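Have a look at the structure below before the remarks.
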Amino acid sequence: MSRRRLAALVAAVLLQLAVLGGLFVYSQYPLWVGTEVRLATVPVDPRDLFRGQYVRLNYALSRQPLPEMELPRAGDPVFVRLQRDGALWRADGVRLREPDGERLYLRGTIERVSGGELHIRYGIEAWFAAPEEALRLERELAEGGVARVRIAPDGRAALVAVEAGGGESAP
């Protein structure tokens with residue numbers, strides 16, 4: 001094999017490793033630098049035949065009133081400001097532009113607009129677990145629970161844990 005081909009092969013492998021490393025860093029960034037918040041949640045569906053055992057979570061934050069004077073569409077980014085309410089956090093306004101300032105906010109994507117509400121997805125709606133743990137969580141979270149979430153300064157979120165109880169203001 002010529003030096004030129006060997007160099008091209010090494011460069012291709014290094015590029016692939018760099019892309020995979022970048023994806024890993026991008027997904028772990030909220031866990032490394034994020035602020036931890038606790039959100040009330042209720043499980044929706046515990047398993048999927050193709051993806052395995054998981055608990056699908058529903059948040060009150062996932063349904064927000066339409067912001068005034070702005071016309072959102074499905075697929076648009078949305079930013080939901082958060083405010084502490086006792087041990088939990090709740091939504092305190094929604095915007096279609098990234099907020100400037102020091103307020104904590106979640107970045108999401110509008111799934112659909114219906115009935116004067118935005119239906120938002122944040123990427124923290126599924127908690128994957130071993131089959132036994134998923135079934136246990138399904139039983140324990142029937143009345144609501146708490147999701148521990150870390151939120152990066154840019155609003156991206158990562159789910160840390162799901163706990164039973166403490167869902168005083170479940171959705």
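The values are calculated or read from the model by the stated rules, or taken from the named source; none is laboratory data. As the structure is a prediction and not an experimental result, all values here were calculated from the model. With ideal geometry, Cβ positions are generated from the backbone for all residues, glycine too; neighbour counts draw on all protein chains shown.
The figures follow:
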read-out	value
Selection count, region 38-64, where residues are in a strand (DSSP E or B), at pLDDT below 85, over 14 Å from A129 (Cβ atoms) and not polar (S, T, N, Q)	4
Odd one out for E102, checked against (1) modelled with pLDDT of 90 or more; (2) under 23 Å from W32 (Cα atoms)	(1)
Residue, surrounded by the fewest Cβ atoms within 10 Å (Cβ to Cβ), within region 83-99, restricted to residues that are among the charged types (D, E, K, R) and more than 13 Å from A60 (Cα to Cα)	R97
Residues satisfying the stated conditions in region 66-82, i.e. modelled with pLDDT of 85 or more and surrounded by 12 or more Cβ atoms within 10 Å (Cβ to Cβ)	A74, D76, P77, V78, F79, V80, R81, L82
Candidates I120, I124, filtered to the one that is touching a helix residue (DSSP H, G or I) at 6+ places or on another chain (Cβ under 7 Å) and either closer than 13 Å to V162 by Cβ or surrounded by 18 or more Cβ atoms within 10 Å (Cβ to Cβ) (or both)	I120
Check on A161, among the hydrophobic types (A, V, I, L, M, F, W, C), loosely packed, with under 14 Cβ neighbours inside 10 Å and within 16 Å of the chain's Cα centre (by Cα)	yes
